[in-house]
1. How about region 359-370: which of its residues are surrounded by fewer than 19 Cβ atoms within 10 Å (Cβ to Cβ) and either under 26 Å from SER382 (Cα atoms) or modelled with pLDDT under 95 (or both)?
2. Surrounded by 19 or more Cβ atoms within 10 Å (Cβ to Cβ), out of contact with any Cys (no Cβ under 7 Å at 6 or more places or on another chain) and either of a type in the set (Gly, Ala, Ser) or at positive phi (or both) - does that describe any residue in region 285-295?
3. So VAL291 clears everything in (1) β-branched (Val, Ile, Thr); (2) in a helix (DSSP H, G or I); (3) in contact with a Gly (Cβ under 7 Å, 6 or more places away or on another chain) except one condition, right? Which one?
4. Which ones in region 192-238 are of a type outside the set (Phe, Trp, Tyr), within 19 Å of ILE251 (Cβ to Cβ) and at pLDDT 95 or above?
5. Can you tell me which residue in region 312-356 is surrounded by the fewest Cβ atoms within 10 Å (Cβ to Cβ), limited to those that are assigned to a loop (DSSP other than H, G, I, E, B) and hydrophobic (A, V, I, L, M, F, W, C)?
6. Starting from region 202-225, take each residue that is free of Cβ contacts under 8 Å to residues at least 40 places away in the same chain and of a type in the set (Gly, Ala, Ser) and list its partners that are crowded, with 16+ Cβ neighbours inside 10 Å and assigned to a helix (DSSP H, G or I), counting only C-beta distances under 8 angstrom and pairs at least six apart or across chains.
7. Among the residues of region 228-260 satisfying the criterion of being among the β-branched types (Val, Ile, Thr) and part of a helix (DSSP H, G or I), which is farthest from ILE300 (Cα to Cα)?
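The values are calculated or read from the model by the stated rules, or taken from the named source; none is laboratory data. Bear in mind the structure is a predicted one, so any value in this text is a computation, not a measurement. A quick note on method: Cβ atoms are made from the backbone with ideal geometry, for glycine too, and the neighbour counts reach across all protein chains shown.
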Amino acid sequence: MNYRETIDWLENIPTSFDSNYNNYELKLNSIKSFLDFLGNPQDNLEIIHVGGTNGKGSTCHIISSILQEHNYTVGLFSSPHIYDFKERIKINSNLIDESYIIQFVKLNKKYILENNLSFFEISFALSLEFFNFKKVEYAVIEVGLGGRLDSTNVINPLVSVITNIGYDHKKFLGNSLEEIAKEKAGIIKTSIPVVIGESCNITSKVFNNYCKKIKTSIFYVNQDGYQHDTDLKGSYQNKNINTAILALKKIKSIDLDENKTQRGIKNINRNTKLIGRWEIVKEYPTIIFDVAHNINSLEIIFGELKKIKGLIRVVFGTLDKIDQLECLKVFPKNYKYYLCSPKSKRAMQLYKLEKYANQLKMDYQSFDSTNSAFQKASKDSSKDDTIIVTGSNYLFSEINLENN
């Protein structure tokens, strides 16, 4: 198989779950067995483990950038990807080699099929194997879904990080902040410090009790203070930067230099090639791509948009998850909306969005493709307008910017 055929096979393995997550199971036994089969590459890595509801991907990239400015070689595993599978596995700013992915699948295809491994389990194991092969000095690992039973929770990190707690993936994590916090707290390990980016009384009680029970030091980030000078757009990223800095300060083997730290903060995009976070892809009109996909992250995005003058046009499509339609309640009434359904078997069907948008009396149009929605938003816009594409990472690869 060539690279494209390999990725197509990975994305269509028999164990892939459907739109109702019917084949999806949170478990650790299969990933433990697979890593044991591979020789437990995770045991040779110095790992930083980052979980939370929102901001964990950005926080991972910030940590990587700061470490790079300290002349460390850094492996970074994050998900999901936007345009190409290789985005999930990076060393500094370099994506994983296509040839390595092909070889990994070729060598392990029989085991994968015989043991019904999931796409995420394969991706995670591949990243650990690659980082071990390349002998990275630090590996930054982003939690996939939840924490306690997430595939990544088989590692023994130097520090654990929980960025924040919000509502997402209720089917698996619970219907209350307390229940979700308990699942996220599962990445906390005995005697390994944990850093909490944002807190509230409900979640803090969960974290404090858990850490007391397993005798672990807990540190809360002080989110007061100045705005950092950074190439990462969106003022909300300041919280993620503060979280990343405190996490690195809790690693005994790292002696942070203030100048190098500030260079790392200033050059996050350059050092890591982070995409999809308040990413301005074009101007006149301003076109922004952002992967916000749940009610908490969308509230943050709309808070940023309030700072922008001119008419706001929102191209929105999302996946079909419990209470996902509730996101539309935080959509400002004075914006123009272009609703669509991304090309995913888990996508929310357009009629559901239309029905709820009608109930909320939103000013919207609907389209049978993301690109059609985007092209109409572009056609309707003056050079002073702003178009934001958000709701799912699936949307961006479906858009043709050249015809705009």
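1. Going through region 359-370, the residues surrounded by fewer than 19 Cβ atoms within 10 Å (Cβ to Cβ) turn out to be 359-361, 363, 365-366, 368-369.
The answer is LYS361, ASP363, GLN365, SER366, ASP368, SER369.
2. Yes, region 285-295 contains at least one residue that is surrounded by 19 or more Cβ atoms within 10 Å (Cβ to Cβ), out of contact with any Cys (no Cβ under 7 Å at 6 or more places or on another chain) and either of a type in the set (Gly, Ala, Ser) or at positive phi (or both).
3. Status for VAL291: all satisfied but (2).
4. Result: ILE192, PRO193, VAL194, VAL195, ILE196, GLY197, CYS211, THR216, SER217, ILE218, VAL221.
5. ILE322
6. Partner pairs satisfying both residue conditions: SER217/CYS211; GLY225/ASN242.
7. Selected residue: ILE245.
Matching residues to (1) crowded, with 17+ Cβ neighbours inside 10 Å; (2) in the same structural domain as ILE141 (by TED's automatic domain parsing); (3) at pLDDT 90 or above; (4) of a type outside the set (S, T, N, Q):
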{"position": "TRP9", "(1), (2), (3), (4)": "no, yes, yes, yes"}
{"position": "THR15", "(1), (2), (3), (4)": "yes, yes, no, no"}
{"position": "LEU26", "(1), (2), (3), (4)": "yes, yes, no, yes"}
{"position": "PRO41", "(1), (2), (3), (4)": "yes, yes, yes, yes"}
{"position": "GLY51", "(1), (2), (3), (4)": "yes, yes, yes, yes"}
{"position": "SER58", "(1), (2), (3), (4)": "yes, yes, yes, no"}
